[in-house]
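The values are calculated or read from the model by the stated rules, or taken from the named source; none is laboratory data. On a predicted model such as this, the values are computed, not experimentally measured, just so you know. Neighbour counts are summed over all protein chains in view; Cβ atoms, including those assigned to glycine, are modelled from backbone coordinates with ideal geometry. The area values use the complete protein model at the heavy-atom level, side chains included, leaving out ligands, DNA and RNA. Shrake-Rupley method; radii C 1.70, N 1.55, O 1.52, S 1.80 Å.
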Amino acid sequence: MEALFNIGAYEIQEYQQNRYPMFFLDVIEEARPGEYARGRKSFTYNEWYFPVHFADEPNVPGMIQIELLAQTFIMTFLTIPEHKGKKTAFLGMNNMRMRKKIVPGDTIVVEATLKSFKRGVATGYVEGRVGGEFALSADIKIGLPDMMREFIPKK
Amino acid sequence: MNNKEKYNNAFIVSFDVTEDQLAGLEYQGVPAWDSVGHMGLISEIEDAFDIQFETDDIVDFNSYEKGIELLKKYDVTVE
């Protein structure tokens with residue numbers, strides 16, 4: 001499958017079902033279906049969570065950083081035509097590391113590599129960098145419930 | 001970690017249950033063991049034992065005990 005470049009925020013929402021206020025990507029700079037995706041997000045003070053996290057020291061909540069990793073990662077397999085637009089489900093995350101406070105004005109670039117995709121379960125590695133510096137990484141596992149329903153156990 | 005510990009750990013990690021809940025546990029016996037949780041469990045077990053289940057075995061895998069029986073097909077003994 002051919003690589004895709006510069007998929008904008010509106011078009012990304014044709015591939016995945018995350019929506020504001022829980023949609024965090026600005027652009028997918030590159031996606032190689034079934035292999036890799038690189039996404040980017042610039043944080044401005046207008047983000048809805050900065051006034052409350054925290055009023056005197058705004059920074060990006062960890063759960064939003066994790067979601068950003070996931071939203072980039074799912075583009076490694078939702079760009080495969082038969083999976084475009086499907087819902088996804090978080091199955092797990094291991095070896096999570098967070099090393100940087102992300103503040104208004106920062107831009108994060110997230111790279112996601114798909115290591116395995118079978119029977120609707122995708123596993124891979126995701127890493128975010130801010131200004132070229134390591135910010136966070138994790139091994140990640142996400143599923144496609146539509147495909148998983150084909151494997152429901154007999155009662 | 002022996003095979004029993006690996007097998008139990010897959011359930012504990014996937015469903016957030018304790019070891020004393022495992023005997024007799026069946027599909028949908030805890031809220032987390034739904035269709036999505038099932039595939040998470042299968043994936044954990046495959047990773048733990050470096051095997052790949054056949055589709056029929058995934059569908060047949062409907063309890064803690066049944067899983068032990070099915071694993072014998074893959075030369076994995078849990079005792």
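Return a yes/no flag: does the range A:89-110 have any residue that is away from chain B (no Cβ under 14 Å), within 24 Å of B:SER43 (Cβ to Cβ), touching a residue at least 12 places away in the same chain (Cβ under 8 Å) and basic (Lys, Arg). Explain how you work it out, then say what you get.
Taking the range A:89-110 as the starting set, the residues that turn out to be away from chain B (no Cβ under 14 Å) are A:96-110.
Adding the requirement that they be within 24 Å of B:SER43 (Cβ to Cβ) leaves A:96-97, A:110.
So of that shortlist, the ones also touching a residue at least 12 places away in the same chain (Cβ under 8 Å) come out as A:96-97, A:110.
Filter again for basic (Lys, Arg), leaving A:97.
Yes, the range A:89-110 contains a residue that is away from chain B (no Cβ under 14 Å), within 24 Å of B:SER43 (Cβ to Cβ), touching a residue at least 12 places away in the same chain (Cβ under 8 Å) and basic (Lys, Arg).
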Exercise for review: Please verify whether the range A:90-100 includes one or more residues that are in contact with a helix residue (DSSP H, G or I) (Cβ under 7 Å, 6 or more places away or on another chain), modelled with pLDDT of 95 or more and more than 15 Å from A:SER137 (Cα to Cα).
Suggested key: no
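Just to be sure, is B:VAL13 within 11 Å of another protein chain (Cβ to nearest Cβ), assigned to a helix (DSSP H, G or I), open to solvent by 20 Å² or more (accessible area, probe 1.4 Å) and in contact with a Pro (Cβ under 9 Å, 6 or more places away or on another chain)? It would help to see each step written out before you state the result.
Working: within 11 Å of another protein chain (Cβ to nearest Cβ): yes; assigned to a helix (DSSP H, G or I): yes; open to solvent by 20 Å² or more (accessible area, probe 1.4 Å): yes; in contact with a Pro (Cβ under 9 Å, 6 or more places away or on another chain): no.
Against the criterion (within 11 Å of another protein chain (Cβ to nearest Cβ), assigned to a helix (DSSP H, G or I), open to solvent by 20 Å² or more (accessible area, probe 1.4 Å) and in contact with a Pro (Cβ under 9 Å, 6 or more places away or on another chain)), B:VAL13 does not qualify.
From A:LYS115, A:LYS155, grab the single residue that is surrounded by fewer than 15 Cβ atoms within 10 Å (Cβ to Cβ) and assigned to a loop (DSSP other than H, G, I, E, B). Explain how you work it out, then say what you get.
Details: A:LYS115 fails: assigned to a loop (DSSP other than H, G, I, E, B).
Exactly one residue qualifies, and that residue is A:LYS155.
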**Study point:** Set A:VAL110, A:VAL60, A:VAL103: member being part of a strand (DSSP E or B) and either open to solvent by less than 50 Å² (accessible area, probe 1.4 Å) or of a type in the set (Gly, Ala, Ser) (or both)
**Key:** A:VAL110
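Looking at A:ASN95, A:ASN46, A:ASN18, which is the one that is under 23 Å from A:GLY132 (Cβ atoms) and outside any helix (DSSP H, G or I)?
Working: A:ASN46 fails: under 23 Å from A:GLY132 (Cβ atoms); A:ASN18 fails: under 23 Å from A:GLY132 (Cβ atoms).
Among A:ASN95, A:ASN46, A:ASN18, only A:ASN95 is under 23 Å from A:GLY132 (Cβ atoms) and outside any helix (DSSP H, G or I).
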Review point. Are there any pairs, at least 6 apart or on different chains, whose C-beta atoms fall under 7 Å, with the first in the range A:44-67 and closer than 12 Å to A:PRO104 by Cα and modelled with pLDDT of 95 or more and the second part of a helix (DSSP H, G or I) and not hydroxyl-bearing (Ser, Thr, Tyr), and if so, which?
Key: A:TYR49/A:ILE64
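Out of all the residues in the range A:44-55, is one or more of a type outside the set (Lys, Arg) and touching a helix residue (DSSP H, G or I) at 6+ places or on another chain (Cβ under 7 Å)?
Among the residues of the range A:44-55, at least one is of a type outside the set (Lys, Arg) and touching a helix residue (DSSP H, G or I) at 6+ places or on another chain (Cβ under 7 Å), which makes the answer yes.
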Check your understanding: Does the range A:134-149 hold any residues that are within 14 Å of chain B (Cβ to nearest Cβ) and either over 28 Å from A:VAL52 (Cβ atoms) or free of Cβ contacts under 8 Å to residues at least 40 places away in the same chain (or both), and which are they?
Key -> A:ASP139, A:LYS141, A:GLY143, A:LEU144, A:PRO145, A:ASP146, A:MET147, A:MET148, A:ARG149
Review point. Any chance the range A:120-133 includes a residue that's within 14 Å of chain B (Cβ to nearest Cβ), without any contact (Cβ under 8 Å) to a residue 40 or more places away in the chain, assigned to a strand (DSSP E or B) and buried (at least 18 other Cβ atoms within 10 Å of the Cβ)?
Key: yes
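Restricting attention to the range B:1-30, which residues are out of contact with any helix residue (DSSP H, G or I) (no Cβ under 8 Å at 6 or more places or on another chain) and of a type in the set (Lys, Arg)?
If we filter the range B:1-30 for residues that are out of contact with any helix residue (DSSP H, G or I) (no Cβ under 8 Å at 6 or more places or on another chain), which is where we start, we get B:2, B:4-5, B:16, B:20-21, B:28-29.
The one that is out of contact with any helix residue (DSSP H, G or I) (no Cβ under 8 Å at 6 or more places or on another chain) and of a type in the set (Lys, Arg): B:LYS4.
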Practice item. Report, by residue number, each residue of the range A:15-31 that is open to solvent by 60 Å² or more (accessible area, probe 1.4 Å) and either free of Cβ contacts under 8 Å to residues at least 12 places away in the same chain or aromatic (Phe, Trp, Tyr) (or both). Key: A:ARG19, A:TYR20
Point to revise | Single unsatisfied condition, A:ALA55 versus (1) of a type in the set (Gly, Ala, Ser); (2) more than 15 Å from the chain's Cα centre (by Cα); (3) at positive phi | key: (3)
